[in-house]
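Below is one structure, written out as structure tokens; the observations come after it.
The values are calculated or read from the model by the stated rules, or taken from the named source; none is laboratory data. None of the values given here were measured: they were computed from a predicted structure. Reconstructed Cβ throughout: ideal geometry from the backbone, glycine too, with neighbour counts over all protein chains shown. Ligands, DNA and RNA are stripped out before the accessible areas are found, and what is left, the full protein with its side chains, is counted by its heavy atoms. Shrake-Rupley method; radii C 1.70, N 1.55, O 1.52, S 1.80 Å.
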Amino acid sequence: MSATPSTVIAQLVETMRALAGPHPGFRPVHAKGIVCSGTFRAAPEARAVSRAAHLQGQTVPTVIRFSNSSGDPDVHDGVANARALAVKFQLADGKNADVLALSIEGFPARTPEDFLAFLQAQLPDPVSGQPAPDAVPRFLDSHPDTHAFIERLMQKPVPASYGRASYHAEHAFLFTAADGTRRFGRYRWMPEAGEAYISPDDASKRSANFLREELESRLQKSPVVFRLLLQLAGEGDPTAEVNALWPADRPLVELGRLEVKAISPTSASDERHMVWDPTNLTDGIDLSADPFLLARSAAYSISYDRRSKGE
């Protein structure tokens, strides 16, 4: 059970829904997405990191979701926001292991309570219909890590393709190898085709759904391929703070290769009924003490319940 009060989790979902506007049947964030199918095959080095079933070298079926972070399902693909890659490894025991990652490192806040305060600062005043002009600046002044995240986000160019962006998992997890070796790490997806970005001005002139159209075109020719890397924590690196970046010189271990092969023919239905949850794990991978992990899982349950009812 999450250590975050249930009232805070419920308020997080409601505040995100309020900021996104009424979009029944959709997620309050990452509302615009596309579901694909693919396969993953672990690299030889992965076994030395974890005994997890999907990291032993066999081909594992996967369900993949690309999305924009906005809560508006009709948002233009050129609008500046984070993109996301969520991957569900379908294991032989009928269970799943999920990896969620963003196109920008880090997260806006350290705790669910801080994140709620940041979201609430953006809510419009009931009378004026506009947020209080000093609410967000005041929050950023007192939360320098949030300010730094927003600056990184604003400087991030628009991806030319879902398949040509890198994606960083926010949370650290504890990995246990067959020999009992344990270490913390953070996932990172790197596109095999290389990264490619375009200016916001160029992006605004393209089709509202150019990222989906580009992906459809790309998949007609060949799979979209990502390498899964693991950034290993060094001594003293914070493993329970979702907003803390680790030094760039921390070692990277290659865990495997993801091939995105096709868009799901039932993508629209999948959008409503599937959940990718960072707490979906398997033996050999454990949660850190990051309070956001269980809070996210609880918030996703509320969101799923609402959209499955068409709310």
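Here is a check on your reading of the model: is R186 surrounded by 17 or more Cβ atoms within 10 Å (Cβ to Cβ) and more than 30 Å from D290 (Cα to Cα)?
Here the answer is no, as R186 does not meet what is asked.
Just one of (1) over 22 Å from the mean Cα position of the chain (by Cα); (2) surrounded by 15 or more Cβ atoms within 10 Å (Cβ to Cβ); (3) over 17 Å from D77 (Cβ atoms) trips up R206, so point out which.
Status for R206: all satisfied but (3).
Checking S142 against (1) within 24 Å of G78 (Cα to Cα); (2) free of Cβ contacts under 8 Å to residues at least 12 places away in the same chain, which test does it fail?
Status for S142: all satisfied but (1).
If you take the residues in region 164-181 that are under 15 Å from the mean Cα position of the chain (by Cα) and closer than 14 Å to P238 by Cβ, which one is surrounded by the most Cβ atoms within 10 Å (Cβ to Cβ)?
A172
Could you tell me whether any residue of region 136-145 is part of a loop (DSSP other than H, G, I, E, B) and either of a type in the set (S, T, Y) or in contact with a strand residue (DSSP E or B) (Cβ under 9 Å, 6 or more places away or on another chain) (or both)?
no
In region 263-290, which residues are farther than 30 Å from G180 by Cβ and either open to solvent by less than 50 Å² (accessible area, probe 1.4 Å) or assigned to a strand (DSSP E or B) (or both)?
I263, S264, S267, D270, E271, M274, V275
Checking L293 against (1) among the aliphatic types (A, V, I, L, M); (2) over 28 Å from A109 (Cβ atoms); (3) surrounded by 18 or more Cβ atoms within 10 Å (Cβ to Cβ), only one condition comes out false. Which one?
(2)
Mind checking which residues of region 223-243 are surrounded by 16 or more Cβ atoms within 10 Å (Cβ to Cβ) and assigned to a loop (DSSP other than H, G, I, E, B)?
Selection gives P223, A233, D237, P238, T239, A240, E241, V242, N243.
As an exercise: evaluate T239 against (1) of a type in the set (S, T, Y); (2) touching a Leu at 6+ places or on another chain (Cβ under 7 Å); (3) farther than 21 Å from T59 by Cβ and give the number of the one condition it does not meet.
Condition (2) is where T239 drops out.
Name the single residue that is surrounded by the most Cβ atoms within 10 Å (Cβ to Cβ) among those in region 56-74 being β-branched (V, I, T) and in contact (Cβ under 8 Å) with a residue 60 or more places away in the chain.
I64
What pairs can you find where one residue is in region 100-121 and of a type in the set (D, E), the other is part of a loop (DSSP other than H, G, I, E, B), and their Cβ atoms are less than 6 Å apart, with a gap of 6+ or different chains?
Pairs found: E105/L245.
Of (1) outside any loop (DSSP other than H, G, I, E, B); (2) surrounded by fewer than 18 Cβ atoms within 10 Å (Cβ to Cβ); (3) not aromatic (F, W, Y), V260 satisfies all except one. Which?
All conditions pass for V260, except number (2).
Hey, among the residues in region 209-222 that are surrounded by fewer than 17 Cβ atoms within 10 Å (Cβ to Cβ) and in contact (Cβ under 8 Å) with a residue 40 or more places away in the chain, which one's farthest from G185 (Cα to Cα)?
Ranking the qualifying residues of region 209-222, first place goes to N209.
Go through region 1-55 and give me each residue that's over 21 Å from G71 (Cβ atoms), open to solvent by 10 Å² or more (accessible area, probe 1.4 Å) and aliphatic (A, V, I, L, M).
Those that are over 21 Å from G71 (Cβ atoms), open to solvent by 10 Å² or more (accessible area, probe 1.4 Å) and aliphatic (A, V, I, L, M): M1, A3, A42, A43, A48, A53.
When the residues of region 182-197 are filtered to those that are more than 17 Å from A172 (Cα to Cα) and without any contact (Cβ under 8 Å) to a residue 60 or more places away in the chain, which remaining residue is nearest to the chain's Cα centre (by Cα)?
M190
With the requirement that a residue be free of Cβ contacts under 8 Å to residues at least 40 places away in the same chain and open to solvent by less than 60 Å² (accessible area, probe 1.4 Å), what does region 301-311 give you?
Residue satisfying the conditions is S308 alone.
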